[in-house]
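Worksheet: one structure, shown below.
The values are calculated or read from the model by the stated rules, or taken from the named source; none is laboratory data. The model shown is predicted, which means the values in this text are computed figures rather than measured ones. Virtual Cβ from ideal backbone geometry, glycine too; neighbours counted across all protein chains shown.
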Amino acid sequence: MLAAAIPARLPTSAEEVQAMVAETAAHGRRVEVVGGGTKRAVGAIQADVTLSLAGLDKVIDYAPDELVLTAQAGARLADLERLVASEGQMLAFEPPRWTRLLRSAGEPTIGGALAANLSGPRRVRAGAARDHFLGFSAVSGRSEVFKAGGKVVKNVTGYDLMKLMAGSWGTLAVLTEVTIKVLPAPRTETTLLLFGLADAAGCQAMAQALNGPFEVTGAAHLPPFAAQAELSVTALRLDGFEGSVAARAERLAQRLRGFGVVQRLDAEHSREFWTQVREVDAFAGDPRPLWRLSVPPAAGWRVAAELPGEALYDWGGGLVWLLTEAEAPAVRAVAERLGGHAMRLRGSGPAFAPLAGPLAALNARVKAAFDPLEILNPGRLAS
């Protein structure tokens, strides 16, 4: 039975989550775990029961002076961002929504963002979602409650289970409560724009900016199709205090003069631009299969050079969004040859490449330790 057709069960406490997982395991059933349900299209999940964490949506503790926030896993991203913004702070990993991109309803949640390790353009400066993940409570596929981490950054002894849960897509445990670090929000921002660069030159310009003393917090290259314009756009974001931003923008503009005329966006238009990049808005309405490739930034431009379709480059070229009709083996082969990997977000077939060799064996041992009956999100990740 397809997971999308299964009525959701809505626990309102960690104890109810544990009871539901235990009951499901006892009856030999499989569980689809969702937060807001916005990423359900990713992976071919085949489940008997849907467990929604939408009822676990409370903020447990927020200490602005300590830059720490603890919330239930079903807390909505929009609510948390409003809360921390009221204290002049932000979720620095800039989690994307992808609701238009995946044509989904619902509200993205903090648990879902962490479970999928989703990070926006600020990743080039602030790190990935997993780098802001300090601790959690969860229920394993064994229906056991366990905790890891704490409320300070340097809290890890033994295994760093936060890194393990981030990117597991709910296949190891059901997160019920999470603790993350927050950071002060910048006072202002600006974005420097270059126009008409080829993909290789755009990636080269981004590399120069990121490798210099400019503290760039966003670096993206949009070819004409992605820019929805006649010329490509290469964009570099700077933020912080007004005086610092102005001085760094001037120095960076001088550094980039060899790539052409540099234009600037003011703070309001800069924020709008990077929201569109974060949500890949330019590709949201296109019916073609959509791939998300993670590769070394210096090699990013080679993806579109070797595969047909339309590309958008984020993270200085390290994240490549690709609309293409190319066959999955060809896309995955290019990503692997360039030293990265590919994930299919839209289109028929598995989202993730099957594992092989030692990595597959390691993955199987981890899965057996947390979910030996394989009841959590079966089919989401390729085995």
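Taking (1) surrounded by 21 or more Cβ atoms within 10 Å (Cβ to Cβ); (2) not in a helix (DSSP H, G or I) in turn, ALA226 satisfies each apart from (2).
Could you list, in sequence order, the residues of region 310-329 that are over 19 Å from PRO287 (Cα atoms), of a type outside the set (Ser, Thr, Tyr) and touching a helix residue (DSSP H, G or I) at 6+ places or on another chain (Cβ under 9 Å)? If the condition is that a residue be over 19 Å from PRO287 (Cα atoms), of a type outside the set (Ser, Thr, Tyr) and touching a helix residue (DSSP H, G or I) at 6+ places or on another chain (Cβ under 9 Å), then ASP314, TRP315, GLY316, GLY317, GLY318, LEU319 are the ones that fit. Residues in region 175-200 that are more than 20 Å from ALA128 (Cβ to Cβ) and out of contact with any Ser or Thr (no Cβ under 8 Å at 6 or more places or on another chain) were compared, and the one that is surrounded by the most Cβ atoms within 10 Å (Cβ to Cβ) is LEU192. Has region 240-259 got any residue that is under 25 Å from the mean Cα position of the chain (by Cα) and in contact (Cβ under 8 Å) with a residue 24 or more places away in the chain? Yes, there is a match, as at least one residue in region 240-259 is under 25 Å from the mean Cα position of the chain (by Cα) and in contact (Cβ under 8 Å) with a residue 24 or more places away in the chain. Considering LEU381, LEU376, the condition of being closer than 25 Å to TYR159 by Cα, among the hydrophobic types (A, V, I, L, M, F, W, C) and at pLDDT below 95 is satisfied by LEU381 alone.
Here is a check on your reading of the model: is ASP314 touching a residue at least 60 places away in the same chain (Cβ under 8 Å) and surrounded by fewer than 16 Cβ atoms within 10 Å (Cβ to Cβ)? Before you say what the answer is, go through the steps one by one.
Working: touching a residue at least 60 places away in the same chain (Cβ under 8 Å): yes; surrounded by fewer than 16 Cβ atoms within 10 Å (Cβ to Cβ): no.
No: the conditions fail for ASP314.
Within region 269-300, being out of contact with any strand residue (DSSP E or B) (no Cβ under 7 Å at 6 or more places or on another chain) and farther than 24 Å from ALA78 by Cβ holds for PRO287, PRO296, PRO297, ALA298, ALA299.
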